[in-house]
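Step one of this worksheet: look at the structure below.
The values are calculated or read from the model by the stated rules, or taken from the named source; none is laboratory data. This is a predicted model, so every value here is computed, not measured. Here Cβ is always computed from backbone atoms with ideal geometry, including for glycine, and neighbour counts include all displayed protein chains. Calculation scope for accessible area: heavy atoms of the full protein, side chains included, ligands and nucleic acids excluded. Shrake-Rupley method; radii C 1.70, N 1.55, O 1.52, S 1.80 Å.
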Amino acid sequence: MGLSTDPVRTLADLERQSFPGTALAVLGHPIQHSLSPAMHNAALAEMARTNREFASWHYDKFEVHPDDLPGALDLFHARGFRGLNLTVPHKVIAFTHLKPAAPAVRMIGAVNTLLRREPVGWEGYNTDGYGLAMGVREDLGIALGDSPIILLGAGGAARGAGAECLLRHCASLWIANRTRAHLDALLAVLRPLAGEVLPHGFDPQTPPADLPAGALVINATSAGLRPDDPPPVDLTRLPRPAGVYDMIYNPPQTRLLRQAAALGVPHANGLSMLVHQGAKSLEIWSGVSAERTAPTMLRAARAALASA
Ligand code: NDP
């Protein structure tokens, strides 16, 4: 079931079709469910009302296998694309082929936004951390800086989230993950960013007694994507959190969020993160501020989800 009716393009389409105007795209595998074209094209239409330059901008989604990504990046550049978003599983793969723009991107080791550079190449950015920080602040009124954080997961999303929390000087960072080896690898990656706050790891089945009360719990695992997934942690085994933010937005309420609701803990899903990371990407490509386009993107994302 597709979430949006936007057509899925392929590299064969890129070779034989023209993409007139200013072209943007998201690349992923699979990509069918991406809400990004609906969000970006709604924002571009709104931007075009006050600046006709944006009337010729358009955003498409492309199915690109990871083996094809290096060649695809050259091809999108040759076809004149201005910007690209990268989603699963390309964020880390692309990092090895690019010149990251910001030191934070180098530390995170993953990119989700590419800006065309002339005459060749792409500059890499990562707007996921910004999206998370904005989403948590907007939905839960919690700032990542100064807050104790309990982060669930050790994949790409957890890596970006952990780095963002440390760079924003969270009060403490505890990370739980099902597979200990993945957790240890993440802790090793994050330690150079740590400063005063050393990240700790724990087994989600046996949370330690000294976890902080009043923490923000962030789910960056995929547990919850399917309705029968167990929650990544039992909230009753943690000191009462200040809030729970689940990066998953479809389904809109995971078992983790239902438990937070039952316990009366403020909670939110990851739709706001998706919207704010997208708005920041569009700011990088267009110069139009993310704060301006985010409300339009949110309306478009909600409409696409509702029509699914
Ligand atoms: P990865 O595949 O890189 O990592 C998956 C993580 O989930 C690993 O830590 C894995 O643990 C854990 N996991 C998977 N299944 C289970 C389970 N049944 N029980 C417990 N843990 C589990 O994925 P990403 O990091 O890229 O994405 C993680 C989630 O974040 C996804 O749901 C994705 O949709 C969401 N996301 C949302 C964004 C937004 O804008 N809202 C942006 C980016 C991601 P293990 O190491 O043991 O395998």
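Table for the structure above
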quantity	calculated
Simple label model, 7 Å out from Cα along Cβ direction - residue 169 to residue 88, nm	3.5 nm
Computed [θ] at 222 nm, deg cm²/dmol, the chain (DSSP H ≥ 4; -39,500 (n - 2.57); rounded to nearest 500)	-12000 deg cm²/dmol
Global geometry of the stretch 1-87, whether rounded, prolate or oblate, following the gyration tensor of its Cα atoms and the 1.5 cut on a/c	oblate
Length released on extending from residue 12 to residue 48, taking residue separation times 0.36 nm less the Cα-Cα span	10.0 nm
With 10 Å bins from 0: P(r) over the chain, alpha-carbon pairs, percent	6, 28, 35, 22, 8, 1, 0
Simple Cβ-charge dipole of the chain, Lys/Arg +1 and Asp/Glu -1, about Cα centre, in debye nearest 20	240 debye
With every protein chain in place, the stretch 230-308: carbon and sulfur % of accessible area (1.4 Å)	55 percent
Overall form of the stretch 157-211 per C-alpha gyration tensor (a/c, 1.5; a/b vs b/c)	oblate
The chain - accessible surface per residue (Å², probe 1.4 Å)	44 Å²
Gain upon complete extension [residue 118, residue 302; 0.36 nm per residue less C-alpha separation]	62.6 nm
Point-charge dipole on Cβ atoms (K/R +1, D/E -1) for the stretch 129-269, about Cα centre, debye to 20	140 debye
Separation in nanometres of the label points that stand 7 Å from Cα toward Cβ, at residue 292 and residue 213	4.6 nm
Sites residue 33 and residue 179, calculated FRET efficiency, Cβ-Cβ separation with R0 22 Å, nearest 0.05	0.30
5 angstrom amide H check on residue 218, placed H, neighbours 5+ away	150, 151, 152, 245
The stretch 129-269: equivalent-ellipsoid semi-axes (sqrt of 5 x gyration tensor eigenvalues, Cα, Å)	20, 17, 15
Extension gain from residue 56 to residue 138, taking 0.36 nm per residue of separation minus the Cα-Cα distance	26.4 nm
Integer Hz, Karplus 6.51/-1.76/1.60 couplings in order for the stretch 193-208, x for Gly and Pro	8, 5, x, 6, 9, 7, x, 10, x, 8, 7, x, 6, 9, x, x
C-alpha center-to-center spacing [the stretch 30-90, the stretch 207-257] in angstrom	32 Å
